[in-house]
Structure formats: C-alpha cells, structure tokens
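J.: Sending over a structure as structure tokens; questions will come in a sec.
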Amino acid sequence: VVSTQSTGYYITNNLRIPAMMDVDESLITEAGNFIAKLDDGRIDSRILFKDRLITLSENTGKEVGELSISIDSSTYSGKECYLVQANSNGIVDTIPVGTNITAYVTPKLESLEHTQHEYVNIPGNPLTKRSVLTATDDGYQLVLTTTEGGKETVTTEDFLKEEMSRFISEGANLVLQRLSIVLGVHSRMSFKVFSTENTLTTVSYSPIESHSVAIQNVTVETIGIERCVDNKDENPTTWKIYFLSDGHMYTRAQVGSPVYMKIKDIPENFIKDEDADWVFPDFGKGKLHWEDDIEMLSHFLDRKEELKEDHVNYMKRHPELKAILGDFLQFLLMRKPSDVI
C-alpha cells in the first residue's frame, strides 16, 4: 500500500479509495433533491450580479483587504453556463495574501473549467499555487502548479466521473449559495470538494439562525449558511456566511480567522421587500397653506415681532449705523445708479 499526500488517496492494486468521513445519507439525498430542482438548460438571472465586500481585522476593526464576486451568463464549448469570477486580497499578520478564481459552471453546478490562483507573499519565500480543473469525457483532470522560493512543481491527476459525483468546485460553491437563497432552500446538504491539499473531501451546508442587521441606518433581515469542510483527522474548516434576501452576500467569516468580510453599502439593485420597514412610501410634494392654519399663522406673527425687536435693539447698540445709512442714501439720491447693489 502506497500513500501519496499529493492526491489524498490510498493506492492498493491500482484502486484509489478516497479517505473521507462517513456522511449522513439524508444530507446526500437533500443534495440530490437540490440539484434536481435546477433547470439543466436555464441560467437563473436572479443571481447574475456582483458583490463587493471589505475585509476587516477582528482585533482592530481596520480595513485590510477586499472581496469581489461576480456571476454572469456565458457559454463554454457551446454550452450555456455561469461565468464566476472572484477576487480576494488583503493583509494577514502583515503578510499579503490573495485568491483569484475563474470558473465556468453549468446550471446543474457541474464545473466545466475551474482556475484558481493563490498567493502568500512571505518575505524571502513567496508561495503561489495555481490549479486548473477541466472536465473531460471520462471525468476531470487537475493540473496543479506550485511555486515556492523560486522552485516550481507541476502535478497532474485524473478523476473518474464516479468519484466526482456531487463534486462542487469553489466557483460552483458561490453559485450554489446564491441559488439556495433565491430558491428558498434551507435544508442541510452534503457534497464533495477539494481540500486545501487538493484532495477530495466532504463539505456540508447547514442553515443557521438569521438575524437583523443595520446598513446605513437601514434594518434588513439576513439569511445564514454554515459551510463546513472536513479535514480528516483535524478540525473542520468552517465558514459562517450571511446573505440579504436576494442573494447578495452580507458577511463571511471563517471560524478562527483573524479577519472577516462585510458588505459596506446596500447594493444598488437590492430588491426591497414590500413589507420591509425601510421601504418608505412616496407621498409627493404638496403646497403648504400656512396662512390658513391658525397655529402656524400665530407662530409666524410672533416670530415677525421678535425679529423686528431684535433689529431695533441692534440699531440702538450701534448708533454709527445711522450715519452710514445716511451717507448711503445721500449717494443714491445724487448719483441715482441703475443698480444700487
């Protein structure tokens, strides 16, 4: 038996067996039910938009980076699909880090091509990883290029369709999350995903308690999803993600991370719920007939007398104003200018 860390499989008699945790069959069933709800030939236009979030430090609250996620409609080899583009960059413990993703994903969440580039700019020992996953007739091919300290390593791995069933790439994950929000799917589901070592493992999606948040003095309801990736013998990697009701991401935080991501402004195309307390009716502008209102008229007359009295008192305190006004009036009578100002 030969073990290889690069693939995460145990090879015995040329049979590859993925080392993954046992999964509740009900979660697998729910995953299948979710995929079955999706139209194989139709793009859901409700999730075609761009999200922009800022990355904040848990300790200081300062902005240390940003995250952008855009999903558009596209075609790949003549197939209609989603084009997913995501970019995350920032500073973690004074180290510049970032991830870029470009993926072509079918309406059934199958990845046709997925490219992911990650970098960690450690002084003197920068690390970059570039993975390209491409669908083939037999399954998938993964090409991983790693550069560390100037040394480049390239590995290639092929995966059969059977072992990649229920596989969700990072790009497809972003599509899945938006679809689950707009479709109102709040059940627990389990899929397969690549771990940080590019080995197949399980990922679960679970609904978490929603809560109200304030954005620019506007109160909105968020919908929560917990994404949990199994790491075999280690603790799972968990994200808690909250969305607005139309699928826009509000905040995303990895449990134990020194940073988190949060939306800064309400998106311009955010669909306002009819019963939300921050949708204000348009009453229009009407003419104010204050002269017919006894209370307002009384207030006006009182204020008028106050101003007159203030004016008289000011003149009394400044007698030189009489001389200035006298000279000004005499000048007007003598010269008679067309514009007295």
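J.: When the residues of the range 77-93 are narrowed to those that are modelled with pLDDT under 95 and hydroxyl-bearing (Ser, Thr, Tyr), which ends up farthest from residue 176 (Cα to Cα)?
T.: Taking the candidates together, the pick is 77.
J.: In this structure, is residue 127 buried (at least 16 other Cβ atoms within 10 Å of the Cβ) and out of contact with any Pro (no Cβ under 9 Å at 6 or more places or on another chain)?
T.: So residue 127 does not fit the description; no.
J.: Return the only residue of 44, 51 being touching a His at 6+ places or on another chain (Cβ under 9 Å), crowded, with 17+ Cβ neighbours inside 10 Å and of a type in the set (Asp, Glu).
T.: One residue alone meets the criteria, 51.
J.: Step by step: first the residues of the range 202-234, then only those that are within 22 Å of residue 25 (Cβ to Cβ) and β-branched (Val, Ile, Thr), then the one that is surrounded by the fewest Cβ atoms within 10 Å (Cβ to Cβ). Which residue is that? Even if it seems obvious, please write down each step before you answer.
T.: Of the residues in the range 202-234, the ones within 22 Å of residue 25 (Cβ to Cβ) are 202-207, 225-232.
Of the ones still in play, those that are also β-branched (Val, Ile, Thr) are 202-203, 225, 229.
Details: 202: 22, 203: 23, 225: 20, 229: 17.
Among residues in the range 202-234 that are within 22 Å of residue 25 (Cβ to Cβ) and β-branched (Val, Ile, Thr), the one surrounded by the fewest Cβ atoms within 10 Å (Cβ to Cβ) is 229.
J.: Taking the options 169, 74, 165, name whichever one is open to solvent by less than 40 Å² (accessible area, probe 1.4 Å) and either closer than 22 Å to residue 199 by Cβ or at pLDDT below 95 (or both).
T.: 169
J.: What is the one condition in (1) open to solvent by 30 Å² or more (accessible area, probe 1.4 Å); (2) within 24 Å of the chain's Cα centre (by Cα); (3) over 25 Å from residue 240 (Cβ atoms) that residue 183 does not satisfy?
T.: (3)
J.: Which numbered condition in (1) open to solvent by 40 Å² or more (accessible area, probe 1.4 Å); (2) assigned to a strand (DSSP E or B); (3) among the aliphatic types (A, V, I, L, M); (4) over 20 Å from residue 199 (Cβ atoms) is the only one that residue 69 fails?
T.: All conditions pass for residue 69, except number (1).
The values are calculated or read from the model by the stated rules, or taken from the named source; none is laboratory data. Small disclaimer: the values here were computed from a predicted structure and weren't measured. Quick reminder, even Gly has a Cβ in these numbers, built from the backbone with ideal geometry, and neighbours come from all protein chains shown. These accessible areas exclude ligands, DNA and RNA; they are computed on the full protein's heavy atoms, side chains included. Shrake-Rupley method; radii C 1.70, N 1.55, O 1.52, S 1.80 Å.
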